[in-house]
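Reading through the structure tokens given below for one structure.
Computed from the coordinates by the stated procedures, all read-outs in this text should not be read as laboratory data. The structure displayed is predicted, hence computed values, not measured ones. Every residue, glycine as well, gets a Cβ built from its backbone with ideal geometry; the counts of neighbours run over all protein chains shown.
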Amino acid sequence: MTINHTTDTTRYPDLRGKTAIEAFGDIDVWVNNAGFEIQSATHETSYEDWQRVLHVDLDGVFLGTKIAVQHFLKHNKQGSILNTSSIHDIIPWPTYASYATAKAGVLMFTKTTALEYAEQGIRINAISPGALETPINAQRFADPAVRADTESMIPMKKVGDPVDVANAAVWLISNEASYITGTTLYIDGGITLYNEFQGGRG
């Protein structure tokens, strides 16, 4: 991994152009966090856009995991890999078929690789966030109607904070979770619990 212009060079002014190993000496934890989405009706989605989403959201997880596992095996390390997925790895999302498909792939890739490398002590898990107060959602949630509609789908009736995800991620890669592998942790305010049935409806 090369540290490039996206690195916080204010905090780490001497890291630009170095690899993570050159800069920090080793790798103990690897996080596959790249992802984006393109909204489009499936019948109108170009093959190029389909490939772009899968390349970043799914191929990126494969390539990152491959590099991390090679390093862990070479140095006989019991490292930890964390994949950032989404609630849409199990919840269908019309007009976002490429994104949901990629995240569903991340779900099974996480389970499969966790099983593959468990004997070597390499733990591979995933986190699947729901709706969050992030810059990418700022414009969307600035519309009170859109925000209210989103919150109505969440049993806890609120949009999550990125800190909620960060806290869960830190725990999952820590020694406190040393007996956990192949798990996807949903950080979603309960949205994967079929909120339509909340209050005993149905």
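Any chance you could run the full-extension gain for PHE62 through GLN78? It's 0.36 nm times the residue separation minus the Cα-Cα distance, nm to one decimal.
Here the answer is 3.9 nm.
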**Item:** (1) 97, 45, 39; (2) 94, 39, 27; (3) 53, 36, 35, with the label sought being that of the calculated Cα extents along the principal axes in Å
**Value:** (3)
**Gained length - ILE38 relative to LEU54, 0.36 nm times residue gap less alpha-carbon distance** = 4.7 nm
**Message:** Among PRO162, ALA23, HIS75, whose Cα projects farthest towards the positive end of the dipole of the chain, with charges put on the beta-carbon of Lys, Arg (+1) and Asp, Glu (-1)?
**Reply:** HIS75
**Value of relative contact order over the chain, rounded to a whole percent, pairs C-alpha under 8 Å and six or more apart** = 19
**Fill in**
Site TRP93, offset 7 angstrom along Cα→Cβ, radius 14 Å on amide nitrogen, limited to the stretch 61-85, gives 84-85
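At 27 Å minimum axial length over the Cα atoms and a Kyte-Doolittle cut of -1.0, report the qualifying DSSP H helices in the chain, or say none. All intermediate terms of the calculation are to be shown ahead of the outcome.
Working: long enough: 97-117 (30 Å, 0.36).
Flagged H segments are 97-117.
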**Message:** How many angstrom lie between the Cα centre of the stretch 117-167 and the Cα centre of the stretch 50-97?
**Reply:** 17
**Asked** Hey, quick one: spin label on LYS157, modelled 7 Å out along Cα-Cβ, who in the stretch 170-198 has an amide N within reach, i.e. under 16 Å?
**Response** 189-191, 195-198
**Message:** Nearest 500 deg cm²/dmol is fine: what mean residue ellipticity at 222 nm does the chain get from its DSSP H runs of n ≥ 4 alone, each adding -39,500 (n - 2.57), divided by its residue count?
**Reply:** -11500 deg cm²/dmol
